[in-house]
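See structure below.
The values are calculated or read from the model by the stated rules, or taken from the named source; none is laboratory data. Computed from a prediction, not measured in an experiment: that's the story for all the values here. Positions of Cβ are generated from backbone atoms using ideal geometry, with glycine treated the same way; all protein chains shown enter the neighbour counts. Heads up: the accessible areas ignore ligands, DNA and RNA and are worked out on the full protein's heavy atoms, side chains in. Shrake-Rupley method; radii C 1.70, N 1.55, O 1.52, S 1.80 Å.
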Amino acid sequence: MNIFKRVHTLYILHRHAIAHVLWVEVTEKLAFLQGMTAVEKAHLRELSTLFLHEKKFFGAQELQLTDAMCVTIAIQACLPVLGLGISCLSGWTEIIVYPGAFRICRDDKDAAGVVHHQEQALIGESWSRGPLILSWDDVERDVQGKQSGRNVVIHEIAHKLDMLNGSANGFPPLHYGMEITRWTASLSTAYQSLVRRVEHHHRACINPYAATNPAEFFAVISEYFFCSPETLHTHFADVYQQLQLYYRQDPLRRIHYE
């Protein structure tokens, strides 16, 4: 970071710092932050401050967004990039928050060239250079921890990271020193195992939505990595290790530390 950018960043952190009372109010509700060191929390607060400064929040369908709601989203969005840097979330600015699940209509062309009109209800969506779209009902449900390993904000941010080197395919840009063959083998083996379990109607060890395609698999295992790391490590230890290298974090250590 050059000196001018560093000075500008310090100015933002000083001028637009998240109020201490608000920070404590929000973070105390996020169980998956427990066990973080003071240094990690301080860094997360800085990233969240920068995120809030850079992004524009919009409430859809007359939803009135509060500071606490925006901070809640920012913290969860920045958790995956704690070891990667805020620049990984650049190139887009808008965050649209619906009160609940939202409906989209799309025309998809199949292999035969036939166009099918589809309507879906979604709780989150993200595009490479487009907005991050969320259902507040589901963000709130994740905060309350009603479903282990579920986090719509982290899920959509994982898609954003996945698309940094092109389309979402479950293969984000890996760091220097990470072995592509090891990443591919670990995630592919786990993905195929999950797909077989779902196809044979066996109980899935993680959210079966992960079996949709490799992109959704990466997004779902990212949710588990941060919000239920013991589950991911128990069933897919190799996958956990690869995500540990990619995200440069070890959420399992935080649980043991706590």
| message | List the residue pairs whose Cβ atoms are under 9 Å apart, where the first residue sits in region 124-137 and is of a type in the set (Val, Ile, Thr), the second is open to solvent by 30 Å² or more (accessible area, probe 1.4 Å) and at pLDDT below 90, and the two are 6 or more positions apart or on different chains. | response | ILE133/LEU122; ILE133/TRP127
| request: Give me the pairs, please: first residue somewhere in region 208-237 and without any contact (Cβ under 8 Å) to a residue 40 or more places away in the chain, second residue anywhere and buried (at least 20 other Cβ atoms within 10 Å of the Cβ) and aromatic (Phe, Trp, Tyr), beta-carbon distance under 6 Å, and either six or more positions apart or on two chains. | output: ALA210/PHE217; HIS233/TYR240
| request: Taking HIS175 as the residue in question, decide whether it is at pLDDT below 95, surrounded by fewer than 21 Cβ atoms within 10 Å (Cβ to Cβ), outside any helix (DSSP H, G or I) and not hydrophobic (A, V, I, L, M, F, W, C). | output: no
| said: Exactly one condition in (1) under 21 Å from GLN147 (Cβ atoms); (2) modelled with pLDDT of 95 or more is false for ARG203; which is it? | reply: (2)
| query | Within the set of pairs 6+ apart or on separate chains, which have a first residue in region 144-161 that is at positive phi and small (Gly, Ala, Ser), a second that is open to solvent by less than 20 Å² (accessible area, probe 1.4 Å) and part of a loop (DSSP other than H, G, I, E, B), and C-beta atoms under 6 Å apart? | reply | GLY149/SER228
| query | If you go through region 99-116 one residue at a time, do you hit one that is under 18 Å from the mean Cα position of the chain (by Cα), more than 20 Å from SER222 (Cα to Cα) and at pLDDT 95 or above? | reply | no
| field | Selection within region 126-144 - among the polar types (S, T, N, Q) and more than 15 Å from the chain's Cα centre (by Cα) | value | GLN144
| request: Can you confirm whether region 221-232 contains a residue that is more than 29 Å from SER90 (Cβ to Cβ), at pLDDT 95 or above, of a type in the set (Gly, Ala, Ser) and assigned to a helix (DSSP H, G or I)? | output: no
